[in-house]
Amino acid sequence: MHPNPSFRKVDDTISLEFARRRAFGVLGVNGSVGPIMVHVPFLISENRKYAEFHLVRSNAVSGVLTQPVPATLAVVGPDGYVSPDWYEAEDQVPTWNYVSVHLRGHVEALPDDDLRDLLSRQSIEYEGRLGEKAPWSPDKMDEGALARMLRMIRPARLIIERIESTWKLGQNKSDGVRLNAASHMTEGFGQELSSLGDLMRNPPG
């Protein structure tokens, strides 16, 4: 996380809601020769105490879950390069603005019997964001095909013990300077530049 306190004032409830809406991140655990990471779609529990997901059994992270292990789930949002010229102010330097939330805690395997329910809840959540289409569910699959797929994956969850976030949106600049840069964001490069510009205009927290 960025050390500047200007970028770390956002309330945990806002950061956790951002992670819930994002629903995709990188889970990292310690391995024998360094960090092991896996990209996972996830659900945040209703009580906001843990993130649920499934792992391919052959994945290296799955292999270390013989007991709960320390882990971080990193969730990133819009990001983009900021040219000093966009500030329309003297003595500025290039930088990169971004949003990142880290959910820290312990990851643990769940009983295999929990897997089908987890997949159903994930499909309900994700399909529910698609608008008018009839939602897909595991019940639409042939039972034999579904059983073969289920044998290849396992359910797991991250117990959320700490939330850390960086919302680096130019809050260390004056409002006018920050808004000048925000108006140019879609001219640059990065990810979701329009959303990043909107956040720079109205930083949360």
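Taken together, the criteria place Gly176 among residues that are exposed (fewer than 14 other Cβ atoms within 10 Å of the Cβ), farther than 23 Å from Val38 by Cα, modelled with pLDDT of 95 or more and not hydrophobic (A, V, I, L, M, F, W, C).
Tyr50 meets the conditions (1) within 14 Å of Ser100 (Cβ to Cβ); (2) among the hydroxyl-bearing types (Ser, Thr, Tyr); (3) touching a Lys or Arg at 6+ places or on another chain (Cβ under 9 Å) in every case but one. The failed one is (1).
Checking each residue of segment 86-95 against the condition of being hydroxyl-bearing (Ser, Thr, Tyr) and either modelled with pLDDT of 95 or more or closer than 17 Å to Glu187 by Cβ (or both) gives at least one match. Contact map, segment 16-43: first residue farther than 10 Å from Leu73 by Cβ, second residue of a type in the set (Asp, Glu), Cβ cut-off under 9 Å, separation 6 or more or different chains; pairs are Ala23/Glu125; Leu43/Glu52; Leu43/Glu125.
Per-residue answers, yes or no, for (1) touching a helix residue (DSSP H, G or I) at 6+ places or on another chain (Cβ under 7 Å); (2) surrounded by 12 or more Cβ atoms within 10 Å (Cβ to Cβ):
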site: Ile14; (1), (2): no, yes
site: Leu27; (1), (2): yes, yes
site: Gly31; (1), (2): yes, yes
site: Ile44; (1), (2): yes, yes
site: Asn47; (1), (2): no, no
site: Val61; (1), (2): no, yes
site: Pro84; (1), (2): no, yes
site: Gln92; (1), (2): yes, yes
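Being free of Cβ contacts under 8 Å to residues at least 24 places away in the same chain, farther than 23 Å from Phe24 by Cβ and either among the aliphatic types (A, V, I, L, M) or loosely packed, with under 14 Cβ neighbours inside 10 Å (or both) is true of Ala147.
Yes/no matrix, rows are residues, columns are (1) under 30 Å from Val38 (Cβ atoms); (2) among the charged types (D, E, K, R); (3) touching a residue at least 60 places away in the same chain (Cβ under 8 Å):
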position	(1), (2), (3)
Glu90	no, yes, no
Glu108	yes, yes, no
Gly131	yes, no, no
Trp167	yes, no, yes
Asn172	no, no, yes
Ser195	yes, no, yes
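One residue stands out among those in segment 87-140 that are basic (Lys, Arg) and assigned to a helix (DSSP H, G or I): the one that is nearest to Leu179 (Cα to Cα), which is Arg121. Screening Ser123 with (1) of a type in the set (Ser, Thr, Tyr); (2) more than 30 Å from Trp167 (Cβ to Cβ); (3) in contact with an Asp or Glu (Cβ under 7 Å, 6 or more places away or on another chain) gives one miss only, at (3).
The residue that is nearest to Asn97 (Cα to Cα), counting only those in segment 183-197 that are part of a helix (DSSP H, G or I) and small (Gly, Ala, Ser), is Gly197. One residue stands out among those in segment 27-53 that are among the β-branched types (Val, Ile, Thr) and out of contact with any Leu (no Cβ under 7 Å at 6 or more places or on another chain): the one that is nearest to Leu158 (Cα to Cα), which is Val29.
The values are calculated or read from the model by the stated rules, or taken from the named source; none is laboratory data. All values derive from a computational prediction rather than experimental measurement. Ideal geometry is used to build each Cβ from the backbone, glycine not excepted, and the neighbour counts take in all protein chains shown.
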